[in-house]
1. Taking the Cα centroid of the range 165-191 and of the range 31-70, what is the distance between the two, rounded to the nearest whole Å?
2. At 7 Å along Cα-to-Cβ for each site, give me the label-to-label distance between Ser300 and Leu27 in nm.
3. For Val39, enumerate residues with amide H under 5 Å from its amide H, sequence gap 5+ or separate chain, H modeled in the peptide plane.
4. Taking a 25 Å limit on the Cα-Cα distance, which of the listed pairs Lys26/Lys49; Lys26/Lys279; Lys43/Lys168; Lys43/Lys279; Lys43/Lys64 fall beyond it?
5. Please give the length that would be gained between Met199 and Glu173 if that part of the chain were fully extended, namely 0.36 nm times their separation in residues minus their C-alpha to C-alpha distance (nm, one decimal).
6. Under a point spin-label approximation (7 Å from Cα along Cα-to-Cβ), what is the Asn51-Ser107 distance to one decimal in nm?
7. Just add up the charged neighbours of Ser287: K/R +1, D/E -1, any other residue whose Cβ is under 12 Å from the Cβ of Ser287.
8. Taking the simple approach of a point 7 Å from Cα along Cα-to-Cβ for both Leu68 and Lys269, what is their distance in nm?
Amino acid sequence: MNNKAELVFIPTPGVGHLGSTVELAKLLVQRHQRISITVLVMKLPSDSKVNTYLNSLSAGDRVKFIHLPSDEFQGSNPKSFFTSFIESHKPLVKEAVSKLVHSESASDGSPRLAGFVLDMFCACMADVADEFGVPSYIFFTPSAGFLGLMLHAQALYDEQNRQITELKDSDSELEVPSLINPFPTRVLPSPYRERDWSMILFELTRRFRRVKEQQFNAFEMVIELGLAVEIKMDYRKEFSGENQMIVKSREIEKGIKKLMEDDNEIRKKVKEMSEKSRKTILEGGSSFTSLGCFIDDVMSNLS
């Protein structure tokens, strides 16, 4: 019986999400010798950084990349361009995976398709995975705290008909189950400040239930974890380019000077948290164990 597993990774377009996806892929193949990974690369128009990044990687036998055709995509609505761009790649993903499955079936020793690993913004590709009869896994690149905010915001909308976009300029606070402290709505990420983006995020979150932003990160680092100095958390930068607020250099300078003080408690906490984080990836650590559970689940798909 062939017990080699092939996973298809689909990262969000852009070098930032691609980089974290590649690191996870490398970690998996290092951990388990019978897992191979194919990364399907979508490239945004005029994005030259992706090729530069991929060319910088050393060749690996069990992690390969397939560049999906980058025909010029014409989106009518700027706010929905990103999600429409990803949706438009469904037929290309299906074609690429069909070829992959066909080539694997031609050899008894080749790995078998065991699942799709999808970046959070590529959750729609679960429909393609369903066509091949394999499960989908969401690779959520932001923090668990932000996932909690997404789930809470979507539940408020679906169950109580409350739209948190209406609270974006108020002094109200949200009691988010995944956070210790109340979350001030004035620092809602850029997407929840616009109705179009919030609706897109609600749909993504619904898909998560069926199968990650700088302002939220600032709140989490400063208030939740105490690992950063606050410079400014209520700045504005909408996806539409409106309502932008500049953080002045003297505010940045003040924050840096505070952080560099010898007796600064934040520096001590960062060092302490860094050591704790390092231990999680060692054998017996929480990240090491969680990755092992994921691998066991993937390999069980072959039985």
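Readers should treat all values here as calculations from the given coordinates under stated rules, not as data from a laboratory. Note that the coordinates shown come from a computational prediction; the quantities given were computed from them, not determined experimentally. So basically every Cβ, Gly included, is an ideal-geometry build from the backbone, and we count neighbours across all protein chains shown.
1. Each part reduced to its Cα centre gives a spacing of 37 Å.
2. Reported label-point gap for Ser300 and Leu27 is 2.1 nm.
3. Phe9, Lys64, Phe65, Ile66
4. Details: Lys26/Lys49 20 Å; Lys26/Lys279 19 Å; Lys43/Lys168 33 Å; Lys43/Lys279 35 Å; Lys43/Lys64 16 Å.
Pairs exceeding the cut-off: Lys43/Lys168; Lys43/Lys279.
5. Numbers: separation 26, 0.36 × 26 = 9.36 nm, distance 2.05 nm.
Taking Met199 through Glu173 to full extension adds about 7.3 nm, to one decimal.
6. The modelled label-to-label distance comes out at 2.9 nm.
7. Working: positive: Arg31, Lys276, Arg278, Lys279; negative: Glu283.
Cβ neighbours under 12 Å give a net charge of +3.
8. Spacing of the two 7 Å Cα→Cβ label points: 4.0 nm.
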